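Data block below; observations after.
The values are calculated or read from the model by the stated rules, or taken from the named source; none is laboratory data. Computed from a prediction, not measured in an experiment: that's the story for all the values here. So basically every Cβ, Gly included, is an ideal-geometry build from the backbone, and we count neighbours across all protein chains shown.
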Amino acid sequence: MGNSYSCITKDMTKKGKFLKFIICGTDTDIGKTLISAFFVRGLICHYWKPIQSGIGAETDSEVVYRLSKVNKKKIIKEAYIFNEPVSPHWAAEIDQNIIKRSSLDLPKINGPLIVETAGGLMVPLTRDYLQIDQIKYWDLPVVLVCRSSLGTLNHTLLSIEALQKRNIKILGLIINGKKHLDNPKTLREFSRLPIIAEFPSLKDISEKQLDILWTDLKMEEKLNFIFQ
Ligand SMILES: Nc1ncnc2c1ncn2[C@@H]1O[C@H](COP(=O)(O)OP(=O)(O)OP(=O)(O)O)[C@@H](O)[C@H]1O
Ligand SMILES: [Mg+2]
């Protein structure tokens, strides 16, 4: 992988368009950060995790930085970091804070940007405002990360319905985890959305592995098609 702009990023820049999209998921812990790192590394782009609930061994921004190895300037500072790994509205309250919508305005980035949401779509950011309301306000398309295994049909189709009801553009699905014999077909048929990738379960999560997958999963080709 090159150390300057990726081909697709270069191509988009030439066309005066930038890839800006949101990585959201059907649940918490579904793989949004790993998939974000995959895209940030592949596209050599900016990353923003506006709301981080819980500061374990590493924040999501730190994981993306470690795996993508982009220039640190591309990892945009969180708007909020809360101590407890709970829903943002409650995490804020525990820290005697409150999430202000004005702090969540998109950073003005002259280039491609990936925004990772907090938890699933319907998690509250405040007592009267959901993550999905903020996605609608941002007015960017989304990539929906979902699990490959049992339970995904219900969660993924419900998530798609919620997004479509609000006219939020869905670029496609990333099915994350051990390959399933039927779920990708069923999700494609019911949703009529592109499956951008079936991202395998990795034993070794490394930069090298992400680079191999970027090529094997034909990501440049797929993104060129999606953003044409
Ligand atoms: N395909 C995969 N192979 C191996 N491990 C994975 C895979 N996808 C996710 N994981 C692991 O599962 C855990 C949760 O993934 P991740 O942090 O990306 O989820 P998330 O959706 O970003 O969670 P959050 O809602 O907290 O932001 C991490 O330890 C991650 O490394
Ligand atoms: Mg995450």
Among (1) within 12 Å of ligand 1 (Cβ to nearest atom); (2) surrounded by fewer than 20 Cβ atoms within 10 Å (Cβ to Cβ), which single condition is residue 70 missing?
(1)
Exactly one condition in (1) within 15 Å of ligand 1 (Cβ to nearest atom); (2) without any contact (Cβ under 8 Å) to a residue 40 or more places away in the chain; (3) in a helix (DSSP H, G or I) is false for residue 34; which is it?
(2)
Those residues of the range 18-34 that are over 14 Å from residue 48 (Cβ atoms) and near ligand 2 (Cβ under 9 Å from one of its atoms) come to a total of 6
Can you pull out every residue in the range 142-183 that is more than 20 Å from residue 226 (Cα to Cα) and charged (D, E, K, R)?
147, 161, 165, 166, 178, 179, 182
What residue, among those in the range 53-67 that are free of Cβ contacts under 8 Å to residues at least 60 places away in the same chain and part of a helix (DSSP H, G or I), is farthest from ligand 1 (Cβ to nearest atom)?
65
Taking the condition at pLDDT 95 or above, in contact with a helix residue (DSSP H, G or I) (Cβ under 7 Å, 6 or more places away or on another chain), within 30 Å of residue 11 (Cα to Cα) and not in a strand (DSSP E or B), does residue 70 pass?
yes
Specify the residue that is surrounded by the fewest Cβ atoms within 10 Å (Cβ to Cβ); the eligible residues are those in the range 44-67 that are closer than 26 Å to residue 127 by Cα and of a type outside the set (Gly, Ala, Ser).
55
Of 132, 109, the only residue that is in contact with a His (Cβ under 7 Å, 6 or more places away or on another chain), among the aliphatic types (A, V, I, L, M) and not in a strand (DSSP E or B) is 109
